[in-house]
Amino acid sequence: MSADYTGVRRVGNAIAKRLAEQKDTEGAKAIQSLLRKRGVPLQASGYAEALPRDAGSRLPLVEEGHWPTTPVMLGGEAGHIISQFIEDAQHIGLLAEKGVSARLGLLLYGPPGTGKTLLAGHIAASLKRPFYIARLDSLISSRLGETAKNIRGIFEFVPARNAVLLLDEMDAIAKVRDDRHELGELKRVVNTVLQGLDSLTDDVVTIGATNHPHLLDPAIFRRFPYKVELGLPDRDVRESLWLHFLFEGDTAHKGDASLLARVSDSLNGADIENIALAARRRTILAGHSPGLAQILLAVRDSRAGSPRLLDGRTLGTADKKNLTTLLHEKGDVSQADIARIVGVSRQMVHRYLKEATDG
Ligand SMILES: Nc1ncnc2c1ncn2[C@@H]1O[C@H](COP(=O)(O)OP(=O)(O)O)[C@@H](O)[C@H]1O
Ligand SMILES: [Mg+2]
């Protein structure tokens, strides 16, 4: 009743858990999905949490993220460090008591679309803590002094709430200088971030995410003892991504997912998701699946960060030749299977491949 957001969540979760124990799965699920929706229960009651806002634009400086419902696929190394980080965060009280606590700062870095923001949400969910996202690129104000003020606003808002704070797009800080040719402002902003990070108590979890870790001020970099690089997904991760996003996890399609993984080596997770969802939209609206050949062509014509979505055109001769060479060189597919996927005879596959090598 006093709009204690965190409290509503905690009690709601306890009720959901009890319902689940009493085998009322429906009821438990209903409560959990309400809690996951950001702010719906309280907003519906007319309450909007007082988020700090930019003085000029009135846009909120921090938004509440929701706990993700889709899984995040990680390579081995990243997964290990993340589990360790979560374990340390869960037992920070004990670790502090023994004098071996670490600052709960985690830096996620790597190219765009590799799941950094998504992973941060998962960490908040595993820790069952509210999740706040501050996008540093959106805090940068053209008004002198305002950026530092915005950053102070975030750090003053979050710690009281036992939250996970994601400082997203951190490299934006470095751009303060480039945009304004004014070194004083950059220094002020960096110092404000440092002061903010240092003002946090031990139990606050801070996650920084950046596409360009080398642009970060070294002093800020050091404030994040845990570091995880999320690179472009490797073959196993790509296979899981295809299986999840295109085939909804149906392992009967493992073979196709594996083939798609082999030919999509330059793509990031977001690209794979985009192509897969486009294919599923076509399946629903056209009443039949676009077919593996169409999807493979879309993959072939995609680059990281600019996926080409399916266009439903029928394959021309050039497409068929392209696809044949792609499957032969990257896909490690037999000529019989190529013929089936591309929809031509085996003789034709043989001819295309010969033409390709003859140049
Ligand atoms: N490793 C991954 N596992 C699962 N989904 C992913 C992965 N990488 C990207 N995605 C998909 O792409 C979307 C965008 O990823 P995002 O977390 O915003 O990337 P980043 O923050 O690194 O730019 C995610 O919401 C998710 O649907
Ligand atoms: Mg992101």
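The values are calculated or read from the model by the stated rules, or taken from the named source; none is laboratory data. Here the structure is a predicted model, which is why all the values come from computation and not from measurement. Note that each Cβ is placed from the backbone with ideal geometry, even for glycine, and that neighbours are counted across all protein chains shown.
Listing for the model above:
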{"item": "Given (1) more than 16 Å from ligand 2 (Cβ to nearest atom); (2) farther than 30 Å from VAL189 by Cα; (3) hydrophobic (A, V, I, L, M, F, W, C), number of the condition ALA270 does not satisfy", "result": "(1)"}
{"item": "Residue check, GLY105 surrounded by 19 or more Cβ atoms within 10 Å (Cβ to Cβ), in the same structural domain as ASP54 (by TED's automatic domain parsing) and within 14 Å of ligand 2 (Cβ to nearest atom)", "result": "no"}
{"item": "Inter-residue pairs, beta-carbon under 7 Å, first farther than 25 Å from LEU127 by Cα and in the range 56-68, second in a loop (DSSP other than H, G, I, E, B), 6+ apart", "result": "GLY56/SER141; GLY56/ARG143"}
{"item": "Residue count, the range 112-133 (criterion: more than 15 Å from ligand 2 (Cβ to nearest atom) and touching a strand residue (DSSP E or B) at 6+ places or on another chain (Cβ under 7 Å))", "result": "3"}
{"item": "Any hit, the range 226-236, residues being within 21 Å of the chain's Cα centre (by Cα) and away from ligand 1 (no atom under 16 Å from the Cβ)", "result": "yes"}
{"item": "The range 187-204 - residue that is closer than 24 Å to LEU95 by Cβ and not acidic (Asp, Glu) and, of those, nearest to the chain's Cα centre (by Cα)", "result": "VAL204"}
{"item": "Within the range 284-311, tally of residues that are surrounded by 12 or more Cβ atoms within 10 Å (Cβ to Cβ) and part of a loop (DSSP other than H, G, I, E, B)", "result": "12"}
{"item": "The range 150-178, residues that are at pLDDT 90 or above and basic (Lys, Arg)", "result": "ARG152"}
{"item": "Checking ILE207 against (1) among the β-branched types (Val, Ile, Thr); (2) at pLDDT below 90; (3) within 16 Å of ligand 1 (Cβ to nearest atom), the condition it does not meet", "result": "(2)"}
{"item": "In the range 179-202, the residues that are at pLDDT below 90 and in contact with a Ser or Thr (Cβ under 9 Å, 6 or more places away or on another chain)", "result": "ASP179, ARG180, GLU185, ARG188, VAL189, LEU200, ASP202"}
{"item": "Residue check, PHE247 away from ligand 2 (no atom under 16 Å from the Cβ), under 26 Å from THR314 (Cβ atoms) and surrounded by 13 or more Cβ atoms within 10 Å (Cβ to Cβ)", "result": "yes"}
{"item": "Residue among THR283, THR314, THR251 that alone is in contact with a Pro (Cβ under 8 Å, 6 or more places away or on another chain), away from ligand 1 (no atom under 14 Å from the Cβ) and not basic (Lys, Arg)", "result": "THR283"}
{"item": "The range 98-111, residues that are over 25 Å from ARG36 (Cα atoms), in contact with a helix residue (DSSP H, G or I) (Cβ under 8 Å, 6 or more places away or on another chain) and within 12 Å of ligand 1 (Cβ to nearest atom)", "result": "TYR109, GLY110"}
{"item": "Test result for ALA356, in a helix (DSSP H, G or I) and within 30 Å of LEU230 (Cα to Cα)", "result": "no"}
{"item": "Counted residues, the range 223-280 - those being of a type in the set (Ser, Thr, Tyr) and part of a helix (DSSP H, G or I)", "result": "3"}
{"item": "Hits in the range 227-242 (condition: under 14 Å from ASP256 (Cα atoms) and among the basic types (Lys, Arg))", "result": "ARG235, ARG238"}
{"item": "Selected residue (criterion: surrounded by the fewest Cβ atoms within 10 Å (Cβ to Cβ)) from residues of the range 108-144 that are basic (Lys, Arg) and farther than 20 Å from ILE81 by Cα", "result": "ARG143"}
{"item": "Output for the range 17-31, where each listed residue is more than 17 Å from PRO130 (Cα to Cα) and either in the same structural domain as ARG129 (by TED's automatic domain parsing) or assigned to a helix (DSSP H, G or I) (or both)", "result": "LYS17, ARG18, LEU19, ALA20, GLU21, THR25, GLU26, GLY27, ALA28, LYS29, ALA30"}
{"item": "Test: residue in the range 78-99 that is over 24 Å from ARG222 (Cα atoms), modelled with pLDDT of 90 or more and crowded, with 17+ Cβ neighbours inside 10 Å", "result": "no"}
